[in-house]
Structure formats: structure tokens, C-alpha cells
Amino acid sequence: MKYSLALAFILSASFLQAGLLSSKDDVKVRCVYSGTDGNCVEPSLTATHELVITVFGQGVAPTVTASPAQAYALAKRAALADGYRQIAERVQGVHVEGQDFVKNMMLQRSTVRTSVEAMVRGANVMDTTFKDGLCEVELEIVLSYSQLSK
């Protein structure tokens, strides 16, 4: 409960600061990210519309398992975890930390770490496919203005 309240507060604050939540009744969709061709990639969340996020999580079956059913179950669990991570990245954002080590004016080592921390609720599994040891799960989550403004 503590995490869900914190996530709701962070999400609502982030969306409000970015100007993504709008109480206007217009149907216009504001462009959040514009690619090189100038087309909108991600629509914004408004009071009159819901925002649907769809991701595809992938998981690979381990080579050593007791049965094919166990391989399928483990691959599906990995695919679900990947899908939840992708949803969290889209909604919450990704924290990126980088570090470079320079010696004698030459780069010796460079590391980049990414992390995301979020509570994902209400994600629905739309489709699951398993082929050649790869499980792919389609997850969908619907966000509404009323969920984030509470």
C-alpha cells in the first residue's frame, strides 16, 4: 500500500509537471516525443481519454528442465517479468547512471547502469505465443486521468 501511494503520487506529479494531464475537454493529442519524421510517437493522457500502453515481453526457455511444461512455464514467467519492466519504464521512466574511468588521458572503463522502480497494477495479458523456446507475451495496461489524479 505504501508503494502504491508513493507511485501514484510520483506519477501524478510527473505527469502534472510535464503538462501531460489536461482538464480541457478538447480531443487534441499533444506530441510528447517527435521522431525524425516529425510524427507523434506517444500520445498524452487527458481527462476525456484513456491511454493504452501495449508491450511485448520475451522470455527464453532454459535448456535443462524436467519437462517441456516446466520450460514453457519458466519462459512465460520471464516474458511476463520483461513485459512488466517495459510497462514500468514507459510509465515511470528509467534512471540512468554512468561512470567513466580515465587514466593517462585514455578511457579505461565505462559503465552504464539503468534501473526502474514502480508498482504495476491492472496489466492484462492479451496474447501468449511459444515457439522454438521463445515465449512472447503481449501485455496491455489502460491508464485514465481519474486513476492518477486521486
_Within the stretch 129-150, take every residue that is assigned to a loop (DSSP other than H, G, I, E, B) and either closer than 26 Å to GLN58 by Cα or without any contact (Cβ under 8 Å) to a residue 24 or more places away in the chain (or both) and give me the one that is nearest to the chain's Cα centre (by Cα)._
GLY133
*asked:* Checking MET126 against (1) crowded, with 16+ Cβ neighbours inside 10 Å; (2) under 20 Å from GLU50 (Cβ atoms); (3) touching a residue at least 60 places away in the same chain (Cβ under 8 Å); (4) out of contact with any helix residue (DSSP H, G or I) (no Cβ under 8 Å at 6 or more places or on another chain): exactly one of these is not met. Which one?
replied: (1)
*Starting from residues that are surrounded by fewer than 10 Cβ atoms within 10 Å (Cβ to Cβ) and outside any strand (DSSP E or B), keep the ones in the stretch 103-120 and report whichever is nearest to the chain's Cα centre (by Cα).*
MET105
*Being of a type in the set (Val, Ile, Thr) and assigned to a helix (DSSP H, G or I) is the filter; apply it to the stretch 69-102 and report the residue that is farthest from GLU136 (Cα to Cα).*
VAL91
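FYI, it's all coordinate maths here, none of it is from the lab. The structure presented is a predicted model; accordingly, all values stated were derived computationally and were not measured. Backbone-built Cβ (ideal geometry, glycine too); neighbour counts: all protein chains shown.
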